[in-house]
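Please treat every number below as a calculation from the coordinates, not as lab data. Remember, it's a predicted structure, so these values are computed and weren't measured experimentally. Every residue, glycine among them, receives a Cβ derived from its backbone with ideal geometry; neighbour counts consider all protein chains shown.
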Amino acid sequence: MRKRVYVAYTGGTIGMKRTRKGYEPKTGYLQEQMEGIPELRHASMPSVTVHEYEPLLDSSNMTPRQWLEIARDIAAQHDDYDGFVVVHGTDTMAYTASALPFLLDGLAKPVVITGSQIPLCEIRNDARENLITSLMIASGYAIPEVCLYFGGKLLRGCRSVKVSASGFAAFDSPNFLPLGEAGIDINIRWELVRKPGRKKRVTVPELGTPVVSALRLFPGISHEHVRNVLRPPLQGLVLEAYGVGNGPDQDAEFIAALEEAAARDVVIVDCTQCLEGRVDLSEYAAGSALARAGVISGFDMTAEAAVAKLYYLFGRGDSPAKVKREMQRDLCGELTP
Ligand code: ASP
């Protein structure tokens, strides 16, 4: 029996058409391009249902509303397909790949997010390989996780980051080994793959509209700016700090701004600006001052995963105390405590 894969097509370069304004997604165009790829009709390939979203988006326009739409779509189709491929723009792909694992509770089948740097309609492209291999992984490998496949690497979605604006190896997961690699063979590191939960059904939570934000520190950042960002109704902030999580502890107003916000139950999560490594707020005085002000460690979480997780936790209505606890706990493979 041929395997069945559901393709959730959200937009992105991969299916775009060249127009006078530049590349743009066009209704029906991805399917048209796919019909021109004979390999997709090979007996070893799954049968594919493409569901095109309306409107197709350049992923720069994605919001958490689309994360939920994708999650609900996959949950509704979960029992009828062997796997799922989410076709997505690369710009915010790591955010969607980070959010979906939180939203798809009980996921028991592979969800592979992919896209490309050059669209399928161009002769020289990375789209064909990314799409074919994603379909093979989604149909042939029992990985009950949200993954991101790009440029030969299969990454855990909630560990992924976009690392290149122009290279074909555009994604990486610097704090977690790839779940697999596609070279001559497709090799999966099965020891890293999460076990499916015991839930019988996939459920997607009802989410409110929480107010979360991210702030990247830079030398000379003004405490007024920090205070403004932390103003009500903000509920959670990902603070992208230096190195192991440090900040300007000699700026008393900066520390006071954090302290006041934390006292108002704003959850401030410290993530590092570095691509690799983890936060340790006890290593330097410039870190422990933040911890004393009420900032919590994001450990080795990416800023993308931390934003998605704050959105998910506050969105489902957790209290600030619970959000603080859950942010420091591994929920779906996003952090190493
Ligand atoms: N701007 C495009 C997008 O994110 C880039 C891409 O898909 O590579 O939709």
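Quick look at the numbers
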item: Listed pairs LYS153/LYS195; LYS109/LYS322; LYS17/LYS309; LYS153/LYS322; LYS3/LYS324 exceeding 32 Å between Cα atoms; result: LYS17/LYS309; LYS153/LYS322; LYS3/LYS324
item: Net charge contributed by nearby residues that have their C-beta within less than 11 Å of GLU253 (K/R +1, D/E -1); result: -3
item: Sequence of ASP270, ASP280 once ranked by neighbouring C-beta atoms within 10 Å, starting from the fewest; result: ASP280, ASP270
item: Residue order, fewest to most surrounding Cβ atoms within 10 angstrom, among TYR81, TYR6; result: TYR81, TYR6
item: Sequence-separation-based contact order of the chain, relative, with Cα cut under 8 Å and 6+ spacing, percent; result: 14
item: Euclidean distance between Cα centres, the range 17-63 to the range 193-254, Å; result: 34
item: Total formal charge among the other residues, if their Cβ is under 13 angstrom from that of GLU276, Lys/Arg +1 and Asp/Glu -1; result: 0
item: Sequence ranges 109-118, 200-209, ranked by mean other-Cβ count within 10 angstrom, highest first; result: 109-118, 200-209
item: Sites GLU253 and SER319 - FRET efficiency at Förster radius 35 Å, r taken between beta-carbons, to 0.05; result: 0.75
item: Estimated FRET transfer efficiency (VAL163, SER60; beta-carbon r; R0 22 Å; 0.05); result: 0.80
item: Per-residue Cβ neighbour rank within 10 angstrom, fewest leading, HIS88, HIS225, HIS42; result: HIS42, HIS225, HIS88
item: √(5λ) per eigenvalue of the Cα gyration tensor, the range 249-301, largest first, Å; result: 19, 13, 8
item: Largest-first principal axis extents of the Cα set of the range 209-321 (Å); result: 35, 30, 21
item: Once the Cα gyration tensor of the range 103-262 is diagonalised, semi-axes √(5λ) in Å; result: 38, 21, 15
item: Alpha carbon convex hull of the range 165-205, volume per residue in cubic angstrom; result: 165
item: Distance cut-off 35 Å, percentage of C-alpha pairs in the chain lying past it; result: 24
item: Cα-projected label distance for VAL50 with LYS195, points at 7 Å along beta-carbon direction, nm; result: 3.9
item: Extension gain from ALA76 to HIS225, taking 0.36 nm per residue of separation minus the Cα-Cα distance; result: 49.3 nm
